[in-house]
Amino acid sequence: MKEIYLDNSATTQVFPEVCRLMSKIYEEDYGNPSSMHSKGIIAERYIKSAKDNLSKILKVNAKEILFTSCGTESDNMALIGCAHANIRRGKHLITTKIEHPAILNAMKQLEEEGFKVTYLGTDETGVISLEELKNAIQDDTILVSIMHVNNEIGSVQPIKEAGELIKSINKDIIFHVDAVQSFGKFVLHPKKMNIDLLSVSGHKIHGPKGIGFLYINEKIKIKPIIFGGGQQNGLRSGTENVAGIAGMSLAASMLYDNLEEDVKRLYELKKYFIEEVTKIEDVFVNGLPKAIINSDDSDDPVLLYGAPHVISVSVKDIRSEVMLHSLEESGVFVSAGSACSTHKRVPSATLSSIGLEPKLLESTIRFSLSVHTTKEDIDTAIEKMNEYIPMLRKYIRR
């Protein structure tokens, strides 16, 4: 039985080229980059090369790239590090109700420390209102954090417009963007988009787990949240994960070298999936304007379909876990909402924010595509849903 992996927003299969590079580093170039001998120098070169490469992709300075252990650490560093460093300017922060737990729980921690947080809502497509953002900014606002692509429904926030708005009101307000789900899918140029901090994770882009980075505008005041030997200019102590850094950098290059072609194909697959899955009785796609289903009125795929790789589907009368495990029996792997929180099932803040009917909150699964996904994979997933859904509904207690 062929495995059909459609849970790429949770994690991605590492590119073989990345595995080979990392294996070489683990086996041959395993020196500590802080060591002064030749093996340390070789390890340090991998780090410098990765910084140069990632900075070219983002069109920023290499010294503005800080390597972390993951997207969660990048988010925590951005929020907590900047809040503590800029507390004299104010204690008001702004974010959205549909952020990743790495943001929401960091904000809760800051609230316990005495900071005030405003949480922006969204419309039925999962997009914030720029007017609400404008009205939320106060004299003592020091930081705004908005995710670019939502990890559950794939909604895309107007990041460029938000950045322009924030800076037009107060150029000193720090703008952080969680780009964990958008890096490798969108062109991101922080300096042109008024982004001061940008979080990225390696394992979402066919790189390894346990590595990420944070872009930090060199003009931003930020304090470390990890202390030790003073690596990375004292901002993030700890021996650098050389193999992970090199692997993430290579994966990023491989995605951005073919970005336009790959993203176009992903949108074609997403459109096809939406058209086919909505043919099934009482199956709904979340976060999309109803009018755009089967519509070609717009040439902008983002306006029509959000991000190219995330699809949230509610199957009326069938619990998420039941649908997930039924598909798994046929080798089709999906998520019950987000895989980034604990296994405890709690109502999704994102699905609640878009006004999803309460009875559908526990009947939602997420399909997420990658550069490896094929039309045949989509066809098989649809075929299995057509097979299982009528059967499962027969066993519903009424």
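The values are calculated or read from the model by the stated rules, or taken from the named source; none is laboratory data. From a predicted model like this one, the values you see are computed outputs, not experimental measurements. Here the Cβ positions follow ideal geometry from the backbone for every residue, glycine too, while neighbour counts run over all protein chains shown. Accessible surface areas use protein heavy atoms only, side chains included; no ligands, DNA or RNA. Shrake-Rupley method; radii C 1.70, N 1.55, O 1.52, S 1.80 Å.
So the values come out like this:
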item	result
Residues that are open to solvent by 40 Å² or more (accessible area, probe 1.4 Å) and either of a type in the set (Val, Ile, Thr) or out of contact with any helix residue (DSSP H, G or I) (no Cβ under 9 Å at 6 or more places or on another chain) (or both), drawn from region 141-167	Lys160, Glu164, Lys167
In region 171-211, residue surrounded by the fewest Cβ atoms within 10 Å (Cβ to Cβ) [restricted to those that are out of contact with any Lys or Arg (no Cβ under 9 Å at 6 or more places or on another chain) and small (Gly, Ala, Ser)]	Gly210
So Lys51, is it assigned to a helix (DSSP H, G or I), open to solvent by less than 80 Å² (accessible area, probe 1.4 Å) and not aliphatic (A, V, I, L, M)	yes
Criterion: on the phi < 0 side of the Ramachandran plot, hydrophobic (A, V, I, L, M, F, W, C) and modelled with pLDDT under 90 - qualifying residue of Ile382, Ile354, Ile396	Ile396
Those residues of region 75-107 which are touching a residue at least 60 places away in the same chain (Cβ under 8 Å) and either among the basic types (Lys, Arg) or farther than 24 Å from Leu130 by Cα (or both), in sequence order	Asn76, Met77, Ile80, Gly81, His84, Ala85, Asn86, Arg89, Lys97
Matching residues, region 32-57, being free of Cβ contacts under 8 Å to residues at least 24 places away in the same chain and farther than 21 Å from Tyr215 by Cα	Ser35, Met36, His37, Ser38, Lys39, Gly40, Ile41, Ile42
Residues within region 1-33 that are under 18 Å from Thr239 (Cβ atoms) and either modelled with pLDDT under 95 or crowded, with 16+ Cβ neighbours inside 10 Å (or both), tallied	5
Any hit, region 35-42, residues being over 30 Å from Leu165 (Cα atoms) and open to solvent by less than 20 Å² (accessible area, probe 1.4 Å)	yes
Within region 109-215, strands (runs of 3 or more DSSP E) holding 3 or more residues that are on the phi < 0 side of the Ramachandran plot and either in contact (Cβ under 8 Å) with a residue 60 or more places away in the chain or charged (D, E, K, R) (or both)	141-147, 174-178, 197-201
In region 30-70, the residues that are within 20 Å of the chain's Cα centre (by Cα) and among the small types (Gly, Ala, Ser)	Ser55, Ser69
Region 234-253, residues that are over 19 Å from Asp29 (Cα atoms) and either of a type in the set (Asp, Glu) or without any contact (Cβ under 8 Å) to a residue 12 or more places away in the chain (or both)	Gly234
Residue selected from region 58-70 under the condition open to solvent by less than 10 Å² (accessible area, probe 1.4 Å) and in a helix (DSSP H, G or I), by the criterion nearest to Phe227 (Cα to Cα)	Glu64
Some residue of region 31-46 being within 20 Å of Asp257 (Cα to Cα) and in a helix (DSSP H, G or I)	yes
Residue match in region 289-310 (condition: at pLDDT below 95, among the hydroxyl-bearing types (Ser, Thr, Tyr), closer than 21 Å to Lys204 by Cβ and in contact with a helix residue (DSSP H, G or I) (Cβ under 7 Å, 6 or more places away or on another chain))	yes
Among (1) under 20 Å from the mean Cα position of the chain (by Cα); (2) at pLDDT 95 or above - the single one Cys340 does not satisfy	(2)
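Residues are listed down the side, and each one gets a yes or a no for (1) open to solvent by 10 Å² or more (accessible area, probe 1.4 Å); (2) not in a helix (DSSP H, G or I):
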position	(1), (2)
Ile225	yes, yes
Gly230	yes, yes
Ala243	no, no
Ser253	yes, no
Arg265	yes, no
Ile274	no, no
